[in-house]
1. Quick one: of the DSSP bridges fully inside chain B, what percent are antiparallel, nearest 5?
2. Tally the DSSP beta bridges in the protein assembly as shown and give the antiparallel ones as a percent, rounded to 5.
3. Which FRET efficiency, nearest 0.05, do A:D348 and A:R115 yield, Cβ-Cβ r, R0 45 Å?
4. Partner chain Cβ atoms within 10 Å, averaged over the residues of B:41-52 - can you pull that number for me?
5. How much mean residue ellipticity at 222 nm does the protein assembly as shown get from its helices, if each DSSP H run of length 4 or more adds -39500 (n - 2.57) and you divide by all residues, to the nearest 500 deg cm²/dmol?
6. What list of ³J(HN,Hα) couplings, whole Hz, do you get for region A:321-336 from phi and the Karplus terms 6.51, -1.76, 1.60, once you set θ to phi - 60° and write x for glycine and proline?
7. Tell me, what is the FRET efficiency for B:N272 and A:K233 to the nearest 0.05, using R0 = 30 angstrom and their Cβ-Cβ distance as r?
8. Please give the helix A:32-44 orientation as an angle from the longest Cα principal axis of chain A, in degrees from 0 to 90, rounded to the nearest 10.
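We did not get these values from a lab; they are worked out from the coordinates using the rules stated. On a predicted model such as this, the values are computed, not experimentally measured, just so you know. When we count neighbours, we look across all protein chains shown, and the Cβ atoms used for this are built from the backbone with ideal geometry, even at glycine.
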Amino acid sequence: MEVLKIATAGSVDDGKSTLIGRILYDTKSLTDDKLEAIERSSRSKGYDYLDFSLATDGLVAEREQGITIDVAHIYFSTENRSYIIADTPGHVEYTRNMVTGASTSQAAIILVDARNGVIEQTKRHFFINNLLRIKDIIVAVNKMDLVDFDESKFNTIKSEIEQLAEAASYKGQNITFIPVSALKGDNVVEKSENTPWYSGETLLEHLEAIENKDVFEKAQARFPIQSVIRPKKDEFHDFRGYAGKIYGSVLSVGDEVTILPSETTSKIKEIYFFDEKYETAKRGSSVTITLEDDVNVSRGDMIVKSNEIPNVNKQLEATICWMDNKPLKALSKYHLQHGVNNVVTKIDAIESVIATDFSGETETEELKLNDIGKVKLKVNKPLFFDSYEKNKANGNFILIDSQTNTTAGVGFIR
Amino acid sequence: MKTILENNELENEAIYIIREVAAQFEKPVLLFSGGKDSITLVRLAQKAFYPATIPFPLLHVDTGHNFPETIEFRDRLVEELGLELIVRNVQDNIDSGKVKEESGKYASRNMLQTETLLDAIEEFGFDACIGGARRDEEKARAKERIFSVRDDFGQWDEKNQRPEVFDTLNGKIDLGQNVRVFPISNWTELDVWSYIEKEGIEIPSIYFAHKRPVFERDGLIWSAHDEYVYREEDEIVLEKIVRFRTVGDMSCTAAVESNAFTIRDVVQEIRNSRISERGARIDDKRSEAAMEKRKQQGYF
């Protein structure tokens with residue numbers, strides 16, 4: 001079945017968990033035992049309505065504080081397809097989780113509290129979704145019931161975000177605005193009678209209509225090698241297969257290919273998926289490829305079509321979202337993981353930090369936790385990369401702290 | 001040769017993850033319970049490395065209170081695929097006095113598995129344990145990463161998880177740490193059943209409707225097995241047509257009344273179900289935060 005992955009973002013108290021709970025409830029995705037648990041808990045808190053946020057806020061600390069502090073994944077399905085929601089926290093200090101959730105999503109819902117309008121957080125959410133080049137953005141203007149379903153409040157928010165979109169670097173986004181009340185259910189799944197001035201789709205109607213594309217989108221084919229398969233079996237005595245996932249485009253038997261970094265050339269001989277051979281495999285397939293020639297290939301190498309060679313360089317420029325408490329400084333060293341390829345990197349220069357409210361860049365010495373900035377890096381071995389703009393899959397990397405081993409930042413190659 | 005390979009996104013993702021485990025770790029192991037999720041993992045691992053065999057062993061933490069059908073199934077599968085199976089018994093830790101068995105009405109050995117698992121990790125030096133947990137099962141599991149780092153005590157620090165961006169998996173760990181890996185994180189119960197049907201994967205018979213002596217307690221159907229499951233005198237044994245939706249220890253897995261005799265029936269039943277899978281897990285009902293607490297202590 002088709003799966004659509006959606007990231008949700010909002011500020012504290014925007015009612016994000018309530019919105020998701022409402023979607024689950026109205027699509028009848030909450031099972032009886034979960035519903036009972038919600039009823040029980042809502043009663044014990046003395047609410048006279050159902051507190052749907054309890055359906056998603058999973059960790060004890062979250063339930064105690066009534067906020068969401070980590071990415072939770074929520075599943076529901078309609079007749080049409082399955083959905084995975086990456087519910088990401090809204091507060092500024094948890095931006096790294098927002099990037100995490102958004103990086104695997106095809107669409108994003110940004111929640112705005114109709115009473116508060118566009119705030120700094122909203123701009124930040126929009127900025128991150130734009131940086132990650134998420135195609136479909138839904139701005140859900142929530143708590144419309146608390147502003148008497150006032151059309152002018154909705155229009156103000158709409159025009160403010162449209163202004164931000166003009167200042168954004170990626171112009172290809174489809175932005176849709178929907179007035180909702182997650183608590184009461186207006187325009188979430190059911191069309192509201194309280195918004196006669198709104199003729200558009202409900203939130204779910206809109207989600208159902210979004211075209212399902214893979215997160216990485218169509219680009220030139222890239223095949224990074226995860227491992228070399230050498231079975232110690234008589235019937236596969238000379239078998240040498242290269243296991244990996246195809247990104248960007250199809251690969252077919254007979255394609256003329258170049259292996260990086262050695263730059264040797266060959267042709268694709270066979271494409272295996274389990275015990276079957278195929279002529280063509282689409283992007284996203286985890287296959288095993290054999291080549292016509294005996295070449296030296298190992299993990300971290302990349303097979304590409306010979307007329308579609310990526311950049312091969314030891315220097316790169318990237319926009320980095322920093323996710324570690326220890327700031328990123330010039331001349332520091334990190335492990336750089338580019339897909340399945342690991343190298344060592346030295347930070348050449350930190351050029352600037354970019355304001356997430358679209359007000360521009362300022363020069364800086366370091367990137368602090370949750371900062372987004374422009375950085376120049378040098379790696380110890382040539383990397384075979386594309387810009388994130390041209391090839392999402394082959395244009396991103398993570399930086400790993402060599403002392404703590406934690407994932408300290410994510411880079412988008414420029 | 002077939003023309004075009006059609007995509008199953010969830011399957012491709014799982015194969016990719018399993019291959020990363022084999023490449024990034026020195027001593028991975030697949031935790032095998034004999035349940036449908038771990039059986040699915042075995043099939044995915046076969047696909048990941050074909051024509052080579054699966055390059056890591058299976059580990060079964062045996063509570064001693066398993067359904068005999070599951071154990072028979074396990075042994076047959078391992079034999080057919082030529083896999084290495086390691087079994088470690090909860091009973092050994094009970095006998096040596098390392099852990100104390102619960103007694104009374106809700107006694108279960110489910111919690112005791114944690115200690116045996118951690119012992120086995122230490123005994124063999126496993127640095128990655130592949131498990132069949134899914135994010136849709138339970139609220140705390142919804143927050144798990146694909147690669148979830150555990151400290152020397154097997155503990156999960158849920159507030160300090162590594163960010164996981166795109167499909168890049170960071171498997172770097174310190175000595176003594178290990179990683180729990182969840183390749184089918186993004187699958188739902190229905191996805192697993194649909195896959196089992198499509199692939200024609202064999203599963204233990206207790207997943208299908210069968211006649212079984214049972215008794216009712218707290219609105220759940222318990223297996224009547226006096227040796228493993230405590231029963232009050234006024235809890236009367238009845239014969240019912242039931243099946244199991246989830247297979248754990250006999251003392252903590254409730255049955256459901258069902259007429260699903262084939263895999264197709266099961267898929268249909270799950271599609272129409274109004275009760276969640278873990279609704280039949282007695283161990284989850286202990287408190288709202290039951291799973292999170294167990295996970296912090298090293299439970300799967």
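1. Details: 17 of 30 bridges.
DSSP beta bridges in chain B are roughly 55 percent antiparallel.
2. Values: 94 of 134 bridges.
Rounded to the nearest five, the antiparallel share is 70 percent.
3. Details: r = 46 Å, r/R0 = 1.03.
Plugging the Cβ-Cβ distance into 1/(1 + (r/R0)^6) gives 0.45.
4. Numbers: counts 0, 0, 1, 2, 0, 2, 6, 7, 7, 11, 12, 12.
Taking all residues of B:41-52 together, the mean is 5.
5. On the way: 15 runs with 165 residues, N = 714.
So the helix-based figure for the protein assembly as shown works out to -7000 deg cm²/dmol.
6. Result, ordered by residue: 9, 8, 10, 10, 5, 7, x, 8, 10, 4, 6, 6, 10, 9, 7, 10 Hz.
7. On the way: r = 45 Å, r/R0 = 1.49.
Efficiency, rounded to the nearest 0.05: 0.10.
8. Relative to chain A, helix A:32-44 is tipped by roughly 50 degrees.
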